[in-house]
Amino acid sequence: MSEKPRLTVLGTGYLGATHAICMAVLGYDVLGIDTDAQKIAALADGKVPFYEPGLPEMLRKALDSGRLRFSTDIAEAAAFGDVHFVCVGTPQMKGSPAADLTYVDQVVTDLARNLTRQCLVVGKSTVPVGTADRLTQLLQSVAPAGSAVELAWNPEFLREGFAVEDTMRPDRLVFGVGSGWALGQLEAAFAPLLESGVPLVVTDLPTAELVKVSANSFLATKISFINAMAEVCETTGADVQQLAKALSYDSRIGGRFLRPGLGFGGGCLPKDIRAFIHRTEELGVGQAVSFLREVDAINQRRRQRTVDLIRSQAGGSLEGVTVCALGAAFKPDSDDVRDAPALDVARLLGDEGAVVRVYDPQAMDNARRAYPELVYATSVADAAAGARVVALLTEWDQFREIDPTWLGDIVESKAIVDGRHALDPVTWRAAGWDYRALGRA
Ligand code: UDX
């Protein structure tokens, strides 16, 4: 096998597209595969089908190098690749907290049918612990090459908005492997990163699967911890911002992921903790992570509490009240609206009769598709026109920089709920605004 293995990336969504593009930029020959012909055509044409800063430039570079190609033909992938990365989604199942493994099972089966020589299949998707063992059996029983096909697990920790940075300079690499040969293949596939000093942890398959869900569980717990403190602050007159700041100077605690506010959303944290709870219960160790139910519940309560604040700013009822909702994406620098707290709040406001005018710098199309019943504005000014309450729900820089005097002249009433602790209360109050935020007196 060549020193530089030829790579395929199966599934060119957020994770897969970024991985395929970055690996080609790092010097590998890469073939990206997806069943969605439109997505493949867009990528081949140099267009990234989602918003991610820096990625379009990297795609251009990768395509120009001639090392990156895209196709919908999985048989081509099987013939081409030495190392195949599985990057398809594992969304939450409808009507159940469990992860839906349909796409993973399908792509592994389709690939296996075409594998006629020794190669390594590497899972990157976030899966319930034990999946890799099951997939190994599936692979080796379906593949014509049988046990010459091995499976490894290489969890991915990339954050939306920082996808390029997290792929090119990850905090660590985790290789879950079952043999020295598999380890050698992965070392060859990540040689430039390892040479640049990225720490490597080599584990067995179940540990590698668990690293990812436990990392996301820890991050979710940290966010819910500070939001739980915000709840206590609300009834004691304390200030959660100052509390978080004081905690952050303790190097054992640290300040990252300790930002209070509307809580976490997105395509990973919420569904990963639910799938983890579900999986541990299946395994009979549910009690070990039962605190994650509380983490989820605290997070959901932030959304309702934000609606309560907005209602109180509106004078006790939302019926017929125009609310300007700034933000739809689950976080800034992303157009992703999966389990977005901002849109959940907008929906809840709408349920109580408010007229919600939403504006987001990037997520408008996705938001419109998910919640067609809301009103979508063309700018901050358009969203704020005649609003009784302004709600800042996603902390885009564009919203942080709003001049309170300018906005004050557009709205009907100068009442604002800062769901993300993104604004300076002193400045806004000085400009005549009634400023409220979760966890602040
Ligand atoms: C997350 C993990 O960080 C990443 O390692 C994993 O691979 C995928 O899931 P991502 O979903 O892109 O990444 O977003 P992240 O930056 O982790 O933020 C998640 C949510 O938490 C956002 O809604 C964000 O607004 C919220 N958040 C984050 C807080 O409410 N407070 C914080 O202090 C940090």
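The values are calculated or read from the model by the stated rules, or taken from the named source; none is laboratory data. Model, not experiment: these values are computed from the prediction. Reconstructed Cβ throughout: ideal geometry from the backbone, glycine too, with neighbour counts over all protein chains shown. Remember, those area values only see protein heavy atoms, side chains included, never the ligands or the DNA or RNA. Shrake-Rupley method; radii C 1.70, N 1.55, O 1.52, S 1.80 Å.
Points worth noting:
- Matching residues, segment 242-272, being open to solvent by less than 50 Å² (accessible area, probe 1.4 Å) and free of Cβ contacts under 8 Å to residues at least 60 places away in the same chain: Ala244, Leu247, Ser248, Asp250, Gly254, Gly255, Leu258, Leu269
- As a summary of the residue check, Gly95 satisfies the conditions (1) in a loop (DSSP other than H, G, I, E, B); (2) more than 16 Å from the ligand (Cβ to nearest atom); (3) surrounded by fewer than 18 Cβ atoms within 10 Å (Cβ to Cβ); (4) at pLDDT 95 or above except for the one numbered (4).
- Filter result (open to solvent by less than 40 Å² (accessible area, probe 1.4 Å) and either of a type in the set (A, V, I, L, M, F, W, C) or within 17 Å of Leu158 (Cβ to Cβ) (or both)) within segment 218-231: Ala220, Ile223, Ile226, Ala228, Ala230
- Flag if Ile40 is part of a helix (DSSP H, G or I) and in contact with a helix residue (DSSP H, G or I) (Cβ under 6 Å, 6 or more places away or on another chain): no
- Of the residues making up segment 274-284, one or more are open to solvent by 10 Å² or more (accessible area, probe 1.4 Å), more than 11 Å from the ligand (Cβ to nearest atom), aromatic (Phe, Trp, Tyr) and in a helix (DSSP H, G or I).
- Residue match in segment 144-152 (condition: in contact (Cβ under 8 Å) with a residue 12 or more places away in the chain and hydroxyl-bearing (Ser, Thr, Tyr)): no
- Only one of the numbered conditions (1) farther than 22 Å from Leu292 by Cβ; (2) at pLDDT 95 or above is not met by Thr235, and that is (2).
- Applying the criterion of at least 3 residues that are open to solvent by 20 Å² or more (accessible area, probe 1.4 Å), more than 30 Å from Asp333 (Cα to Cα) and in the same structural domain as Phe85 (by TED's automatic domain parsing) to the helices (runs of 4 or more DSSP H) found wholly in segment 98-207 leaves 102-113, 131-142, 180-189.
- Those residues of segment 371-388 which are without any contact (Cβ under 8 Å) to a residue 60 or more places away in the chain, open to solvent by 30 Å² or more (accessible area, probe 1.4 Å) and within 24 Å of Leu438 (Cβ to Cβ), in sequence order: Tyr371
- Number of residues in segment 52-94 that are over 17 Å from Thr12 (Cβ atoms) and touching a strand residue (DSSP E or B) at 6+ places or on another chain (Cβ under 8 Å): the value is 3.
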